[in-house]
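Beneath this line is the structure, given in structure tokens, with notes to follow.
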Protein chains: 2
Amino acid sequence: MTTSNKSTGMKINPDLAHERSKCSFVVEDFAEFWNGGKEKLEEKRWRENFFLRDPELKPEIPLEYLSHKEKFEEATRMSTIGFRKVRELRDLGKDGIDTYMALLSGNLGSGITPDGSPFALHYIMFLPTLMGQATPEQQAEWMGRAWSCNIIGTYAQTELGHGTFIRGLETTATYDPKTEEFVLHSPTLTAYKWWPGGLAHTANYAVVVAQLYTKGQHHGIFPFIVQLRDEETHMPLPGIKVGEIGAKLGMNSVNNGFLGFDNVRIPRKNMLMKNAQVEKDGTFIKAPSSVLTYGTMMFVRVVIVRDMANYLSKAATIAVRYSAVRRQSPINPGEPEPQIMDHVTQQLKLFPQIAKSIAFRMTADYLWNMYNQVTTELDKGDLDRLPELHGMACCLKAITTSDATAAVEICRLACGGHGYLSCSSFPLTYGFTTAAMTYEGENTVLLLQTARYLMKMWLAASQGETLPPTVAYLRRNFKSTMEAKRPKWDKSIPGIINAFETCAAG
Amino acid sequence: MTTSNKSTGMKINPDLAHERSKCSFVVEDFAEFWNGGKEKLEEKRWRENFFLRDPELKPEIPLEYLSHKEKFEEATRMSTIGFRKVRELRDLGKDGIDTYMALLSGNLGSGITPDGSPFALHYIMFLPTLMGQATPEQQAEWMGRAWSCNIIGTYAQTELGHGTFIRGLETTATYDPKTEEFVLHSPTLTAYKWWPGGLAHTANYAVVVAQLYTKGQHHGIFPFIVQLRDEETHMPLPGIKVGEIGAKLGMNSVNNGFLGFDNVRIPRKNMLMKNAQVEKDGTFIKAPSSVLTYGTMMFVRVVIVRDMANYLSKAATIAVRYSAVRRQSPINPGEPEPQIMDHVTQQLKLFPQIAKSIAFRMTADYLWNMYNQVTTELDKGDLDRLPELHGMACCLKAITTSDATAAVEICRLACGGHGYLSCSSFPLTYGFTTAAMTYEGENTVLLLQTARYLMKMWLAASQGETLPPTVAYLRRNFKSTMEAKRPKWDKSIPGIINAFETCAAG
């Protein structure tokens, strides 16, 4: 029986060591499967060691004891060290996508900035928007500087009075052909940008989404690159009103901000013109297809599903370990107090969360692969699977965020009072998961969009059309569903899948 | 249409004013009903004005921006002013039970100490324990000083390793007849008291629950009054190890603490001896009935049910007001954005929470009256309804805390991103409601106790015994349930109650 941890040398609680010794599978096999193979697992361990063993990345005082201002300052300090280490990795040729994903997610990121990174939006929204919507010339101008953090950006779309209904945004970008500039303006208080992460104190640039007016005509919403602060002094530029929206349930080191414009002028070339364009004289040229701008939005939703799998497995791990170590309440009078995991009520709480965390991870991988495939097809001009990906991303973002939130709370409450302590990590984890129910598409709205997609597919099934792979079961089951026939119950895995499909189609 | 508030003079949002003007009942009538009559309503308004308009009770910086230490200091400052004002009320003869309840609950209290009062346990646990378990001589010694806050107490029962299973507590109180003292000792780390509110920095006294040993015999757990700190210097007394357990999901100004004893001696008269006693020579005298010590525990659960009704109505009020003011997403294309309350999805979220908050309040009043009645009967030696009250308090504590927690989150999420901001009050409200799922009887445990009570009553019903009033329906429905008969559906209120009783009995 192991009684001390191989890598840290810390003593292991004997109840925990005993539970581990009873494991019915080879843990290393599972770890390889879980991390996508032996090589990825080794990389992950090397990476965790590289970041988390750095003494500079140990906070002197845990975040939850600091004031709001100090939380932000500490997170900035930690992030800066973190990204300096990323540059070291780059020099070693080791800075792959996995490193960035780990740093910005609940995985490695929560070790460095436990209450969210002030730089998250720079990597998750600003850079991907440049990649997806900037012309090659614009990319040449901005990407290098953004990639090396010489400029820090965020993505400013939501306004104080406008979130879900994007067409209702009030910020205007009016083209002035005389100076070849756009004039950005916030006509009302509700037009102020509200929520962008990093906007309050970190970012000096932003992609700003605004209503485009040119030659007296309104053309809808488009993205613009706007410099917010002086690159040397970090002071807001003239006409820019920027600040923080205040303390929140969680993610308090993200420094979500507000942003108002008082007739701020930016050069014409600052409109992101990969899709739609405005010419020197103010002529507006429509994008070939409006779907092309969905890219960033879907990318973020795909990332969220992956995040939820991470947070849920973290919560389940903490609760299961605690349940092995904590002893309470004899099952039969006179017996000693058992590990609480031996109580059936505890098993009923936690075992489904373990299973769910594995199902979420596999779902996240499936969606990630689908996203990459559809994006590759998109680049070739093939838009066939876009509505399917959009439907899947909507549905899975809503389901995984709400289920993970509920699951984190089940895990927390299963640890009794100790789960309420900040040092259990549950409060911050809850702050992250529940936030995701609202941001990047409010869940009720996404569920309605999912329903709309499914109704459309059901109609297509009724007309005998071929359906995309993930909803093809609707057509397979169409006849039997309409006739209220149920297939014979079969306990095999295909049988179980068939049963789920039959229920879903019904 | 009202456009400014009568008492504050603040402008009222026109959408909100319009909604209020459509009210189909007389608001003042409801306010009187809600507050228990015209007189109580007037008292409440006078009290709120007296406390909340005091400029000293306006924090300079909202709590959520302060460090953990500053949160505690600010809450102590606010509480001190609050209780000084209570003394002013006392001089006016206006310090009734309602004032204390309001100050210590989510009602008025959250206006003064939004993240919990450092003095709450003094009033909710220390004083009631003295009232319920001290002899008249002990009351004469301690009650006056405690009541005037010359000493501040808390209630130390739960230990780091022991919560639900009280018999498992490890702290010992060993009687030494030579000096006529009890020796309090924490034999292990898991024996440290853990969680008592106010213990970390506020209290200088505590009721400590410990395993009693006298004449070499173990007699079970009993309460002792222990002085923790010097009354002048506030420094811990010799052998007392006291401090804070750390930051939490919420209630961060409550200063929950830990407490260890290194052979601390207290006089014999410090055992609370209203029920069991230890004589000078160490002879142990059993309590006439063990049920007599249930008092404080049931009192606290009854108070929790009332608290949950308060928190839920607060959350529902915030969400409903926001839904009148916020406009988003046209219902039909081309229409203007409606108040979000006009969306059916929003109504389905919020209307049940309004109804629930009213049902909770009426349930809390019912339980409060039942508690007072049963306590009066207890004082006369009549224990008949004690198991019923215990069953009701267990069940309603568990149900109202878990339902209120879920309801607060429904309300918060219905306010979109704005509900995630601390200034919405939802995060602190959630911290309070979810904490109550764990403290004072963990909900899973209380539900099992409820089930046990109901099974006992069902058995009694099967044997034709007379059942207590709240479960009498089990007997009324026993025959029809066993024969799986369902009464005819009747839409009247007695019909609905009958339907609920039939379902519950089935």
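The values are calculated or read from the model by the stated rules, or taken from the named source; none is laboratory data. Quick caveat, the model's predicted, so the values are computed rather than measured. Positions of Cβ are backbone-derived with ideal geometry, glycine not excepted, and every protein chain shown enters the neighbour counts.
So which of B:M392, B:M370, B:M437 ends up being more than 30 Å from A:G441 (Cα to Cα), within 11 Å of chain A (Cβ to nearest Cβ) and either among the aliphatic types (A, V, I, L, M) or in a helix (DSSP H, G or I) (or both)? Steps first, please.
Working: B:M392 fails: within 11 Å of chain A (Cβ to nearest Cβ); B:M370 fails: within 11 Å of chain A (Cβ to nearest Cβ).
Of B:M392, B:M370, B:M437, the one residue that is more than 30 Å from A:G441 (Cα to Cα), within 11 Å of chain A (Cβ to nearest Cβ) and either among the aliphatic types (A, V, I, L, M) or in a helix (DSSP H, G or I) (or both) is B:M437.
For the stretch B:443-454, state whether one or more residues are farther than 30 Å from B:P387 by Cα, within 11 Å of another protein chain (Cβ to nearest Cβ) and in contact with a helix residue (DSSP H, G or I) (Cβ under 7 Å, 6 or more places away or on another chain).
To start, the set of residues in the stretch B:443-454 that are farther than 30 Å from B:P387 by Cα comprises none.
Looking through the stretch B:443-454, none of the residues is farther than 30 Å from B:P387 by Cα, within 11 Å of another protein chain (Cβ to nearest Cβ) and in contact with a helix residue (DSSP H, G or I) (Cβ under 7 Å, 6 or more places away or on another chain).
Please work out if A:G250 is touching a residue at least 24 places away in the same chain (Cβ under 8 Å) and within 28 Å of the chain's Cα centre (by Cα). Reasoning before the result, please.
Details: touching a residue at least 24 places away in the same chain (Cβ under 8 Å): yes; within 28 Å of the chain's Cα centre (by Cα): yes.
So A:G250 fits the description; yes.
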Quiz item: When you look at B:D262, is it charged (D, E, K, R), at pLDDT 95 or above and in contact with a His (Cβ under 8 Å, 6 or more places away or on another chain), yes or no?
Solution: yes
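Mind checking which residues of the stretch B:59-72 are more than 12 Å from chain A (Cβ to nearest Cβ) and under 25 Å from the mean Cα position of the chain (by Cα)? Show your work before the answer.
First pass over the stretch B:59-72, keeping only residues more than 12 Å from chain A (Cβ to nearest Cβ): B:59-60.
Across the stretch B:59-72, the qualifying residue is only B:P59.
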Quiz item: On the given criteria, is B:A407 away from chain A (no Cβ under 11 Å), in a helix (DSSP H, G or I) and within 23 Å of B:A499 (Cα to Cα)?
Solution: no
Quiz item: Is one or more of the residues making up the stretch A:396-406 closer than 24 Å to B:M251 by Cβ and either without any contact (Cβ under 8 Å) to a residue 24 or more places away in the chain or surrounded by fewer than 22 Cβ atoms within 10 Å (Cβ to Cβ) (or both)?
Solution: yes
Practice problem: Considering every residue within the stretch B:350-357, establish whether at least one is within 14 Å of chain A (Cβ to nearest Cβ), on the phi < 0 side of the Ramachandran plot and assigned to a helix (DSSP H, G or I). | Solution: yes
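Do the conditions hold for B:T233, that is, is it within 14 Å of chain A (Cβ to nearest Cβ), farther than 17 Å from B:R268 by Cα and not aliphatic (A, V, I, L, M)?
Numbers: within 14 Å of chain A (Cβ to nearest Cβ): no; farther than 17 Å from B:R268 by Cα: yes; not aliphatic (A, V, I, L, M): yes.
Considered against the rule, which asks whether it is within 14 Å of chain A (Cβ to nearest Cβ), farther than 17 Å from B:R268 by Cα and not aliphatic (A, V, I, L, M), B:T233 comes out as no.
Go through the stretch A:443-455 and count every residue that is of a type outside the set (V, I, T), more than 15 Å from A:A404 (Cα to Cα) and in contact (Cβ under 8 Å) with a residue 12 or more places away in the chain.
The initial filter retains those residues of the stretch A:443-455 that are of a type outside the set (V, I, T), namely A:443, A:446-449, A:451-455.
Keeping just the survivors that are more than 15 Å from A:A404 (Cα to Cα) gives A:446-449, A:451-455.
Next, only the ones that are in contact (Cβ under 8 Å) with a residue 12 or more places away in the chain stay: A:446-447, A:449, A:453-454.
Qualifying residue count for the region: 5.
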Exercise. Would you check which residues across the stretch A:405-442 are more than 13 Å from the chain's Cα centre (by Cα) and more than 30 Å from B:E159 (Cα to Cα) and list them?
Key: A:E442
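Just to be sure, is A:S79 small (G, A, S), more than 14 Å from chain B (Cβ to nearest Cβ) and assigned to a helix (DSSP H, G or I)? So that I can check it myself, show each step before the final result.
Details: small (G, A, S): yes; more than 14 Å from chain B (Cβ to nearest Cβ): yes; assigned to a helix (DSSP H, G or I): yes.
Answer is yes for this residue.
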Quiz item: What residue, of A:G381, A:G431, A:G419, is out of contact with any strand residue (DSSP E or B) (no Cβ under 6 Å at 6 or more places or on another chain) and more than 14 Å from chain B (Cβ to nearest Cβ)?
Solution: A:G381
Exercise. For the stretch B:254-270, name all the residues that are surrounded by 18 or more Cβ atoms within 10 Å (Cβ to Cβ) and either out of contact with any strand residue (DSSP E or B) (no Cβ under 7 Å at 6 or more places or on another chain) or not charged (D, E, K, R) (or both).
Key: B:V254, B:N255, B:N256, B:G257, B:F258, B:L259, B:G260, B:F261, B:V264, B:I266, B:N270
Exercise. Please determine, by comparing only the residues of the stretch B:77-116 that are over 17 Å from B:W46 (Cα atoms) and β-branched (V, I, T), which one is surrounded by the most Cβ atoms within 10 Å (Cβ to Cβ).
Key: B:T113
Quiz item: What are the residues in the stretch B:191-224 that are surrounded by fewer than 24 Cβ atoms within 10 Å (Cβ to Cβ), of a type in the set (D, E, K, R) and either within 30 Å of B:S79 (Cα to Cα) or within 14 Å of chain A (Cβ to nearest Cβ) (or both), if any?
Solution: none
Self-check item: Candidate set from the stretch A:302-334 (those that are hydroxyl-bearing (S, T, Y) and touching a helix residue (DSSP H, G or I) at 6+ places or on another chain (Cβ under 6 Å)); member that is nearest to the other protein chains (Cβ to nearest Cβ)
Solution: A:S323
Quiz item: Does the stretch B:326-342 hold any residues that are of a type in the set (A, V, I, L, M) and either in a strand (DSSP E or B) or surrounded by 18 or more Cβ atoms within 10 Å (Cβ to Cβ) (or both), and which are they?
Solution: B:I340, B:M341
Exercise. Give the residue, chosen from B:I166, B:I152, that is more than 19 Å from A:P330 (Cα to Cα), within 29 Å of the chain's Cα centre (by Cα) and among the β-branched types (V, I, T).
Key: B:I152
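Only one residue in B:M273, B:M298 is surrounded by 15 or more Cβ atoms within 10 Å (Cβ to Cβ), closer than 25 Å to B:G168 by Cβ and under 23 Å from the mean Cα position of the chain (by Cα), so which one is that? Before you say what the answer is, go through the steps one by one.
Details: B:M273 fails: under 23 Å from the mean Cα position of the chain (by Cα).
Checking each option against the conditions leaves just B:M298.
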Self-check item: Counted residues, the stretch B:335-345 - those being more than 21 Å from A:A191 (Cβ to Cβ) and more than 11 Å from chain A (Cβ to nearest Cβ)
Solution: 2
Exercise. Please state which one of B:T450, B:T429, B:T434 is β-branched (V, I, T) and surrounded by fewer than 22 Cβ atoms within 10 Å (Cβ to Cβ).
Key: B:T450
Exercise. Select from the stretch A:155-180 the residues that are under 15 Å from A:N270 (Cβ atoms) and surrounded by 23 or more Cβ atoms within 10 Å (Cβ to Cβ) and list them in ascending order.
Key: A:Y155, A:A156, A:T171, A:A173, A:Y175
Practice problem: Might you check whether a residue that is exposed (fewer than 13 other Cβ atoms within 10 Å of the Cβ), in contact (Cβ under 8 Å) with a residue 24 or more places away in the chain and assigned to a helix (DSSP H, G or I) occurs anywhere in the stretch A:50-58? | Solution: yes
Quiz item: Does the stretch B:222-232 contain any residue that is within 26 Å of the chain's Cα centre (by Cα), modelled with pLDDT under 95 and among the aliphatic types (A, V, I, L, M)?
Solution: no
